[in-house]
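Student: Here it is, the structure, as structure tokens.
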Amino acid sequence: MDTPFTIGGRTFQSRLMVGTGKYQDTETMVRAIEASGAEIVTVAVRRVDLDRTHEASILHHLDPKRFSLLANTAGCYTADEAMRYARLGREAGFNEFVKLEVIGDQETLLPDVQGLLEAAKVLVKEGFQVLAYTNEDLVTALKLEDAGCAAVMPLASPIGSGLGLLHPLWIRTIKRRLKAPVVVDAGVGTASDACVTMEQGVDGILMNTAIAAARDPVAMAHAMRLAVEAGRAAFLAGRMPRREVALPSSPTEGMLD
Amino acid sequence: MKQATSETIDVMVNGEPRAVPAGATLLELLGTLGLDPRAVVVEHNRRIVRRPALGDVSVAPGDAIELVHFVGGG
């Protein structure tokens, strides 16, 4: 039996969280989210387009009673900017959960961990449940946990890269050393990446581009759901030890002369 | 909707200059822009103004107003 997946006092059935960006159209997005089985979906805070005010907000397509909306601070490069977006997101989404990103570099979208920690500390004091997007650095992860983050979210590989899990060792280490939930965020490209990531024992995984940029996003969302479940189940089952020589599966006795 | 008067003031809305009737409230501003106050979050000079207070806050020349909502994102 699996343990419940709880973040910030809320318990979820699905360990897969999905983003809502980069979809060709809203209908595909809604169907992909359905197929993924995700209960937590991320959204971004942006200016209303004043020339297209009749365009329905994404909230019209995602029932807040069914999905926990997780506002992100994507695109923010300083702690102050991220805190501003977090506060706006709280007003827009009526919940205290924020996926905190403070980006430090445009090319890699790697986090500015100093700004991240600074913003996390303030937002936790303001009552936010902070899910902090970070790199696979254990020391930063420990500091984020100390700051009171509801979850620590190390990357598998750069956002939108689809390169898969680059450093399983550090993800395992972070999971082993933290009491806070660890959710791998960003970088998976296909189902096997999600499965291998979950096999490291992490609590969950968040992805967007791997689903949205697939040729068939709805079918990939389904594949990701199965992969996350399979990876989790395999972790709980406990894999066999690796060995570098063969060991026959069939009896060596009883062979004919 | 409030009729535009001859007297207007200039404010910044989402980074763009915009002429609004002098003395207009934030709620009236949303009305003139065709926005549902339930669908946007209003930041007035860097301070969030919650929906029930939108009719109590008037805009002044040079004010910076940001109107935001949720869009797709990761």
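The values are calculated or read from the model by the stated rules, or taken from the named source; none is laboratory data. None of these values were measured; they are calculated from a predicted model. Because the Cβ atoms are built from the backbone with ideal geometry, glycine has one as well, and the counts that use them run over all protein chains shown.
Student: Considering only region B:1-71, give the strands (runs of 3 or more DSSP E) lying wholly within it that have at least 1 residues that are touching a Ser or Thr at 6+ places or on another chain (Cβ under 6 Å).
Tutor: Passing ranges, in order: B:16-21.
Student: Restricting to region A:89-143, what's the tally of residues that are touching a strand residue (DSSP E or B) at 6+ places or on another chain (Cβ under 6 Å) and on the phi > 0 side of the Ramachandran plot?
Tutor: 1
Student: Are any residues in region A:83-110 in contact with an Asp or Glu (Cβ under 7 Å, 6 or more places away or on another chain) and either of a type outside the set (Val, Ile, Thr) or surrounded by fewer than 22 Cβ atoms within 10 Å (Cβ to Cβ) (or both), and if so, which ones?
Tutor: If the condition is that a residue be in contact with an Asp or Glu (Cβ under 7 Å, 6 or more places away or on another chain) and either of a type outside the set (Val, Ile, Thr) or surrounded by fewer than 22 Cβ atoms within 10 Å (Cβ to Cβ) (or both), then A:Leu88, A:Arg90, A:Gly104 are the ones that fit.
Student: Here's a follow-up. A:Asp63 is checked against (1) closer than 29 Å to A:Ala233 by Cα; (2) more than 10 Å from chain B (Cβ to nearest Cβ) and fails just one. What number does that condition carry?
Tutor: That leaves (1) as the condition not met.
Student: Turning to a different aspect of this structure: Taking the conditions exactly as written (more than 10 Å from chain A (Cβ to nearest Cβ) and surrounded by fewer than 17 Cβ atoms within 10 Å (Cβ to Cβ)), does B:Ala64 satisfy them or not?
Tutor: Criteria met by B:Ala64.
Student: Of the residues A:Arg176, A:Arg225, A:Arg232, which single one is assigned to a helix (DSSP H, G or I) and in contact with a Ser or Thr (Cβ under 6 Å, 6 or more places away or on another chain)?
Tutor: The conditions single out A:Arg225.
Student: Is it the case that region B:35-52 has a residue that's polar (S, T, N, Q) and either under 16 Å from A:Asp51 (Cα atoms) or at pLDDT below 95 (or both)?
Tutor: Among the residues of region B:35-52, not one is polar (S, T, N, Q) and either under 16 Å from A:Asp51 (Cα atoms) or at pLDDT below 95 (or both), which makes the answer no.
Student: For residues in region A:200-222 being surrounded by fewer than 21 Cβ atoms within 10 Å (Cβ to Cβ) and part of a helix (DSSP H, G or I), which is nearest to the chain's Cα centre (by Cα)?
Tutor: A:Thr209
Student: Any residue at all in region A:43-55 that's buried (at least 23 other Cβ atoms within 10 Å of the Cβ) and either away from chain B (no Cβ under 13 Å) or assigned to a helix (DSSP H, G or I) (or both)?
Tutor: No, the conditions are met nowhere in region A:43-55.
Student: For B:Asn45, are the conditions met, namely being within 14 Å of another protein chain (Cβ to nearest Cβ), surrounded by fewer than 19 Cβ atoms within 10 Å (Cβ to Cβ), of a type in the set (S, T, N, Q) and over 10 Å from the mean Cα position of the chain (by Cα)?
Tutor: yes
Student: Taking region B:18-42 only, how many residues are more than 26 Å from A:Thr20 (Cα to Cα) and within 9 Å of chain A (Cβ to nearest Cβ)?
Tutor: Selection size over region B:18-42: 2.
Student: Check off (1) surrounded by fewer than 16 Cβ atoms within 10 Å (Cβ to Cβ); (2) more than 11 Å from chain B (Cβ to nearest Cβ) for A:Phe12 and give me the number that stays unchecked.
Tutor: (1)
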